[in-house]
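Have a look at the structure below before the remarks.
The values are calculated or read from the model by the stated rules, or taken from the named source; none is laboratory data. Quantities reported herein were computed from a predicted structural model and do not represent experimental measurements. Every residue, glycine as well, gets a Cβ built from its backbone with ideal geometry; the counts of neighbours run over all protein chains shown.
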């Protein structure tokens, strides 16, 4: 097999982790097991090429896009009675959530629409189901049933998917279907006569090879040139795991899942303590203009090249941020002892066995945690430590006080202790913001002084929707040192 066609462990692990969900998705969308298997196979083959030029973070959306593009999924009746009232389009929008476990942003990318458009399509699908008498409780039961279906797929489907994956990774064609003759006996005499005639005809052209002389030898057929071995590592699957960064720090997962409560508790109990932030994964510093495409794969240390060997052929096409992240993961792995590596393997295995929806929820929590500054993360860690040391009665009272808040008052605390306390008054100013504007907006808000935040809260309640959008754009476009003056100027009008 040519080196360029050598399947990577990352691709094998990705297909193995998604094939069951993809099959159930296609099965429910098309209403046919056979069409579902064909659709998944075509999507896998198309994704094999696409994955070579796509960052790891873009693999899920890329695969689901290819699966939805299959003609077999554009029609058909859903075998699930709850979904029989939906057309193929709304059904696909809903199944991306129920089976694929995608969040709104990635589901919109799969369908090739803006996030608000996807939300509207999903809302319309739910409205149609409601008009047909399908309740939210029925949809919850359907979701659980589909997740069970993914986990308990019949053995013959599991075997067929495994064989399909193996052929895709080896770039082998699908075997042609074998149709046995309806009645073999009447044809045997005709075939025997035909074979006899063919043999007689071939005999007129056949010339026997010259016999070997005593002591002579005959050369064997020339073998294909051996392909150079790509260094492989048994640890490569772990290092290039798409969720490595999230799983490398298990203590962060617990803090992320409880971030809203801990942020509220931190802000309630006072100012941030003087603590040193924990070190993150060992990462490569951002490159300068002349180093944007560096480091090249051959220039990496040998131990890192061994861990990242499955990505050797695609390395030049990976974006710089992905390359830096992968190098950081390799450095982190190499710094672990044997026990820590085994624990990380176990966490990755447990993570991969979670339902897709659960993984999506946890990724959202971890993304919220990662958006905090290092100082805020240290503040939340210190609060969590102090909370763990308090009495059971104090813990219960704090939990009950937080849960007693309205949902709209609890949600802003996912932004952390610095923003959560005052974000509710300014929330109208930042509602319905495009995804690509959210990180710079949050960074801008965190950089404002407390007085500027208070002024912005007053301003948000006074402006109509059109003025709020213009102010948001003006704040993003203005230099950091001019933003507070801009808020004061608008407030004085």
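Some notes on this structure:
- Hey, residue 471 at pLDDT 85 or above, surrounded by 14 or more Cβ atoms within 10 Å (Cβ to Cβ) and over 31 Å from the mean Cα position of the chain (by Cα) or not: no
- Residues in the stretch 122-154 that are in a loop (DSSP other than H, G, I, E, B) and in contact with a helix residue (DSSP H, G or I) (Cβ under 8 Å, 6 or more places away or on another chain) were compared, and the one that is nearest to residue 95 (Cα to Cα) is 134.
- Scanning the stretch 304-335 for residues that are touching a helix residue (DSSP H, G or I) at 6+ places or on another chain (Cβ under 7 Å) and more than 14 Å from residue 240 (Cα to Cα) turns up 313, 317.
- Filter result for residue 110 (assigned by TED's automatic domain parsing to the domain that holds residue 60, modelled with pLDDT of 75 or more, outside any helix (DSSP H, G or I) and surrounded by 18 or more Cβ atoms within 10 Å (Cβ to Cβ)): no
- Matching residues, the stretch 249-272, being at pLDDT below 80 and surrounded by 13 or more Cβ atoms within 10 Å (Cβ to Cβ): 269, 272
- Members of the stretch 474-493 found to be closer than 20 Å to residue 373 by Cβ and surrounded by fewer than 18 Cβ atoms within 10 Å (Cβ to Cβ), listed by number: 476, 480, 481
- Entirely in the stretch 337-410, the helices (runs of 4 or more DSSP H) that have 3 or more residues that are touching a helix residue (DSSP H, G or I) at 6+ places or on another chain (Cβ under 6 Å), closer than 30 Å to residue 21 by Cα and modelled with pLDDT under 90: 338-352, 356-370
- Where a residue in the stretch 132-152 is assigned by TED's automatic domain parsing to the domain that holds residue 26 and surrounded by 13 or more Cβ atoms within 10 Å (Cβ to Cβ) and its partner, wherever it lies, is modelled with pLDDT of 80 or more and not in a helix (DSSP H, G or I), with Cβ under 6 Å and at least six apart: 146/99
- Condition met for residue 364 (on the phi > 0 side of the Ramachandran plot and either in contact with a strand residue (DSSP E or B) (Cβ under 7 Å, 6 or more places away or on another chain) or not assigned by TED's automatic domain parsing to the domain that holds residue 440 (or both)): no
- Residue in the stretch 417-433 that is modelled with pLDDT of 80 or more and within 28 Å of residue 248 (Cα to Cα) present: yes
- Residues in the stretch 445-455 that are part of a helix (DSSP H, G or I), buried (at least 16 other Cβ atoms within 10 Å of the Cβ) and within 36 Å of the chain's Cα centre (by Cα): 445, 446, 453.
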